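Input: a single structure, listed below in structure tokens.
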Amino acid sequence: MVNAWSILEAGAILILLIGAIALLWALIRHLRLRPSNERSWVNDNQRLTTAEFVDGVVTVRNVRDFEWRSGRDFDERWVDMKIKLDEVSKIWFVLEYFDPSRRQMAHTIMSFEMRDGTRLACSIEVRREKGERYHPIKGLFRQYELIYVWATERDVIGVRTRCRKRSVTHLFEAVVLGPGNERRMLESYLKRTNKLCNSPEWYNTITNTCTTNIVGHVNEVYPGRVPRAVAVLLPGLSPKLLQRNNLVKIDGTIEETMRNSIIDEKAKSWDGVVDFGDWIREQGGGEHSTE
């Protein structure tokens, strides 16, 4: 009987040892994975944006300007934009709820406006390979690279508001404290964009997302402006954080502001002639005359 128990104990120890070795091997293999910019990417993530700074002017190359008819039907177009850095006048914050019934989950975008009304948006996302779909659990395990998608608003906001049936998208004007911080924010974004071209990074569902990066940029320009909070990890919960820390303009109550900031119906009624960004910002944007 003693011998039988000894054999069982030895067997159990062997199984535990094999399991520990397998787990250690898997961990080492996981840690040895390296992000890359050289993969077979989907069309809308195909190109990386770069920024060239010369005497107060930045040339932003490979700005996406797709014309989306649906999430899979589009005309592909990439453009370059020249921006005078001292003419950055406003910053806008976009909050997209993927599904109104799941209020914790959302995507965040920043858009930069110049004095002449030109706007350039940046969406920080998973860089998807062909045939790949995003899942937040996979995002914890070095499965996706991070990409800063620079695009026109008619592209990156348009595809969300005009082509996605369930999502609800809000547009807020950001409160920028301190003169020149609009420019510094744009420079911070573009410098990180250049860095990712040379040193790709893994997206991480907790530590390296759209919202954690936005918070990083805001706090780089204005240290301590955004505190640590659950709403940074679950951006769908961010409206009260935005209000409490004076991060976006609030008109009335937060509930009224949330209701009035929805732009989906305005976007769907866009006539394709008026500038898309102007259209979604106008009061009653869904009732434009097309005469």
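The values are calculated or read from the model by the stated rules, or taken from the named source; none is laboratory data. All of these numbers come straight from a predicted model, not from anything done at the bench. Counting neighbours? That spans all protein chains shown, and the Cβs are built from the backbone with ideal geometry, glycine included.
I'm checking my understanding of the structure. Among residues of the stretch 204-220 that are touching a residue at least 24 places away in the same chain (Cβ under 8 Å) and outside any helix (DSSP H, G or I), which one is surrounded by the fewest Cβ atoms within 10 Å (Cβ to Cβ)?
Across the stretch 204-220, the extreme among qualifying residues is Ile206.
Scan Glu187, Glu173 and give me the residue that is of a type in the set (Asp, Glu), part of a helix (DSSP H, G or I) and surrounded by fewer than 20 Cβ atoms within 10 Å (Cβ to Cβ).
Glu187
Determine whether Ile137 is in contact (Cβ under 8 Å) with a residue 40 or more places away in the chain, assigned by TED's automatic domain parsing to the domain that holds Met105 and within 28 Å of Lys268 (Cα to Cα).
No.
Looking for something modelled with pLDDT under 95, among the polar types (S, T, N, Q) and out of contact with any Leu (no Cβ under 6 Å at 6 or more places or on another chain) - is there at least one such residue anywhere in the stretch 94-105?
Looking for residues that are modelled with pLDDT under 95, among the polar types (S, T, N, Q) and out of contact with any Leu (no Cβ under 6 Å at 6 or more places or on another chain), one finds at least one in the stretch 94-105, hence yes.
This table checks each residue for (1) more than 14 Å from the chain's Cα centre (by Cα); (2) more than 30 Å from Lys138 (Cα to Cα).
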site: Ser188; (1), (2): yes, no
site: Arg192; (1), (2): no, no
site: Cys210; (1), (2): no, no
site: His217; (1), (2): no, no
site: Arg228; (1), (2): yes, no
site: Ile250; (1), (2): yes, yes
site: Ile263; (1), (2): yes, yes
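In the stretch 221-244, how many residues are surrounded by 15 or more Cβ atoms within 10 Å (Cβ to Cβ) and more than 22 Å from Arg102 (Cα to Cα)?
4
Name the residue that is surrounded by the fewest Cβ atoms within 10 Å (Cβ to Cβ), counting only residues in the stretch 98-133 that are in contact with a Pro (Cβ under 9 Å, 6 or more places away or on another chain) and within 17 Å of Leu233 (Cβ to Cβ).
For the stretch 98-133, the residue satisfying everything is Gln104.
Conditions first: (1) assigned to a loop (DSSP other than H, G, I, E, B); (2) under 19 Å from the mean Cα position of the chain (by Cα); (3) surrounded by fewer than 18 Cβ atoms within 10 Å (Cβ to Cβ). Arg61 passes all but one, so which condition is the exception?
Unmet condition: (1).
If you go through the stretch 1-41 one residue at a time, how many are among the acidic types (Asp, Glu) and either at pLDDT 75 or above or in contact with a Phe, Trp or Tyr (Cβ under 8 Å, 6 or more places away or on another chain) (or both)?
The qualifying residues number 1.
Is there any pair with a first residue in the stretch 105-124 that is on the phi > 0 side of the Ramachandran plot and a second that is of a type outside the set (Asp, Glu) whose Cβ atoms are under 8 Å apart and which are 6 or more apart or on different chains, and what are they?
Gly117/Gly277
Restricting to the stretch 92-115, name every residue that is over 15 Å from the mean Cα position of the chain (by Cα) and in a strand (DSSP E or B).
Glu113, Met114
Output the residue which, of all residues in the stretch 68-78 that are over 23 Å from Glu145 (Cβ atoms) and touching a residue at least 24 places away in the same chain (Cβ under 8 Å), is farthest from the chain's Cα centre (by Cα).
Among them, the one singled out is Arg69.
Scan the stretch 59-74 for residues that are more than 14 Å from Gln46 (Cβ to Cβ) and either touching a strand residue (DSSP E or B) at 6+ places or on another chain (Cβ under 6 Å) or β-branched (Val, Ile, Thr) (or both) and jot them down.
Of everything in the stretch 59-74, those that are more than 14 Å from Gln46 (Cβ to Cβ) and either touching a strand residue (DSSP E or B) at 6+ places or on another chain (Cβ under 6 Å) or β-branched (Val, Ile, Thr) (or both) turn out to be Thr59, Val60, Glu67, Trp68.
Counting only residues that are surrounded by fewer than 20 Cβ atoms within 10 Å (Cβ to Cβ) and under 16 Å from the mean Cα position of the chain (by Cα), which one in the stretch 134-167 is nearest to Phe98 (Cα to Cα)?
Filtering the stretch 134-167 for residues that are surrounded by fewer than 20 Cβ atoms within 10 Å (Cβ to Cβ) and under 16 Å from the mean Cα position of the chain (by Cα), the one nearest to Phe98 (Cα to Cα) comes out as Ser167.
Could you please let me know if Asp44 is within 18 Å of Thr161 (Cα to Cα), surrounded by fewer than 10 Cβ atoms within 10 Å (Cβ to Cβ) and at pLDDT 95 or above?
The answer is no for Asp44.
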